[in-house]
Structure formats: C-alpha cells, structure tokens
Amino acid sequence: LSNIVPPQTAPEKRNQPPILTKKEITLQEGETIDLKQFVNDPDKDPLTYSFPSPFSKSGTWKTSFGDEGYKIINFHFTDGEFNQSAKIAINIIHSNQPPKINSLFDEKALVELSEGKEYDFFVKAIDPEKNQLQYTWQLDNKTISNEEKFKYTFSYTSEGDHYLILEITDGIETLR
C-alpha cells in the first residue's frame, strides 16, 4: 500500500490573450496598412476586430498623397474570452507625386500634319510639390526641344509616320 501513485492528469491548457506585436509602423503615402498583421493570438483562436475610420472593416487603409503625418490609432480585438484594446502609432512619410499634365497641344494619339507648315507644340503641366519641371520632346528618338512650348516645321521630305514622345520630370518622377 505504500507505493500507490495517483494517476497523472494533463495540465489544464489556458487560453492566452491576443497581443499587439508592434507599437509603431512607418510607411509611405500610397501604401496600404493592414492592422491585422500586427495582432497575434498564441492559441491561434479566430479573432474579431473593430477598426476606426479611415480603416475598412477588414482593417486595411490605402493611404493617399496628403496623408503624411504621425497618427495614433486605437482599435479593438477579441478571441471570444479576452477583449483587447490596442494603440499603434503610424508614421506616414511623404511620397513624391509625379508631374500632371493639365493640357497638351493635341489630345489625340494620332495627329495628321502637313509638310512645310509651322506647328505650335505645348504642354501645361504642374508638379504637386511645386518642383521645377524639365521637358524633353523627342521626334523619332531625336530630341527636338527641352522647352514647355516650341514651334516646329516638318520639311517637305518628312512624309510618313513619325513618333513624338514627351517626357516631363520633376527630378524624381518622370511622366512619359
């Protein structure tokens, strides 16, 4: 009777609360944030979330130009037993925006022109960050101007198809 050992019982497995894995994230304007990727449940329980605007119900937000700044976001999640509140800092860094064309000498992809006649070529473009713009006009891969507007005459031997390409750059982004 002296050596009786009581049967071993498995230790009770306790549910662990879900946790926030990061307290601060940094991204650039135009990128998407998914807050769910920063929540971990050690027990792999399904989680339910509640997100504030501008986040979607699924916890994502595609940032835009103009969203630059430092924001503190509070949101909630639960595994059914533990109701957690979380606070995450989001640092959105400014991204350069490409130049934008307001108007162009002709909006058509194919333009018919006459030989021997002088034509006015122009573009009106802006840079959202107010950077100085540089222009490169190429006709059949040969630069014909670096100005916002210029005059050009096709010679009497210019019959046929030609390709005009305009590149506008703010020094960082190039629009073609």
| task | Might you let me know whether the stretch 61-72 holds any residue that is farther than 30 Å from GLN134 by Cα and among the β-branched types (Val, Ile, Thr)? | result | yes
| Qualifying positions in the stretch 120-139 - in a strand (DSSP E or B) and open to solvent by 60 Å² or more (accessible area, probe 1.4 Å) | ASP120, PHE122, LYS124, ILE126, GLN134
| Which one is farthest from GLU107 (Cα to Cα) among residues in the stretch 165-176 that are in a strand (DSSP E or B) and free of Cβ contacts under 8 Å to residues at least 40 places away in the same chain? | GLU167
| query | Which of the residues spanning the stretch 140-159 are over 21 Å from PRO99 (Cβ atoms) and assigned to a loop (DSSP other than H, G, I, E, B)? | reply | ASP140, ASN141, PHE154, SER155, TYR156, THR157, SER158, GLU159
| request: Go through the residues of the stretch 48-70 one by one and say whether even a single one is more than 27 Å from the chain's Cα centre (by Cα) and part of a loop (DSSP other than H, G, I, E, B). | output: no
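The values are calculated or read from the model by the stated rules, or taken from the named source; none is laboratory data. Remember, it's a predicted structure, so these values are computed and weren't measured experimentally. Positions of Cβ are generated from backbone atoms using ideal geometry, with glycine treated the same way; all protein chains shown enter the neighbour counts. SASA here: full protein model, heavy atoms, side chains in, ligands and nucleic acids out. Shrake-Rupley method; radii C 1.70, N 1.55, O 1.52, S 1.80 Å.
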